[in-house]
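Undergrad: Here it is, the structure, as structure tokens.
Please treat every number below as a calculation from the coordinates, not as lab data. Note that the coordinates shown come from a computational prediction; the quantities given were computed from them, not determined experimentally. Every residue, glycine as well, gets a Cβ built from its backbone with ideal geometry; the counts of neighbours run over all protein chains shown.
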Amino acid sequence: MCVRYRYDEQRQKRLKTGELIVGETDWLPPASEKQHDSVVSLRVAAFEREVREQVKRAGGVWKPERRVWELRYDQVVLLGLEERIVAAQSI
């Protein structure tokens, strides 16, 4: 629970409000909010050799412990692979 205070200057009152979290889902920010030089994780299936080679040529690094490729975001955009970005908490 999150408690916040609001102030009503006209009535000279301090109001205490409460906020409850009633649900949670995964969410990725829109692509425009990512920094171009930030590193993101990508999901590429083992049988997708051509995609894997593209990622490697662009500087991608395989992370076997998480089973993802890591690549700079600007390179991901250049290759058109934004839909393959994996949120950090879902790895």
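Undergrad: Please work out the FRET efficiency for the pair Lys56 and Ala87, using the Cβ-Cβ distance as r and a Förster radius of 22 Å; give the result to the nearest 0.05.
TA: Once the sixth-power term is evaluated, E becomes 0.45.
Undergrad: In addition: I want to check the label-to-label distance for Ala46 and Leu15. Put each point 7 Å from Cα in the C-beta direction and report it in nm to one decimal.
TA: Taking the simple label geometry, Ala46 and Leu15 are separated by 5.9 nm.
Undergrad: Now a separate question. Counting only GluC sites (Glu not before Pro) that are in a DSSP loop and have at most 12 other C-beta atoms within 10 Å, tell me the longest site-free stretch of the chain.
TA: In the chain, the maximal stretch lacking such sites is 25-64.
Undergrad: Loop by DSSP (not H, G, I, E, B), at most 14 other beta-carbon atoms within 10 Å: where is the longest site-free stretch of the chain for chymotrypsin sites (Phe, Trp or Tyr not before Pro)?
TA: 48-91
Undergrad: Taking a temperature of 25 °C and a viscosity of 0.890 mPa s, what whole-number D in µm²/s does Stokes-Einstein yield for the chain with Rh from Kirkwood over alpha carbon pairs? Walk me through the intermediate numbers first.
TA: Details: Rh = 16.2 Å.
Value of D from the Cα-based Kirkwood radius: 152 µm²/s.
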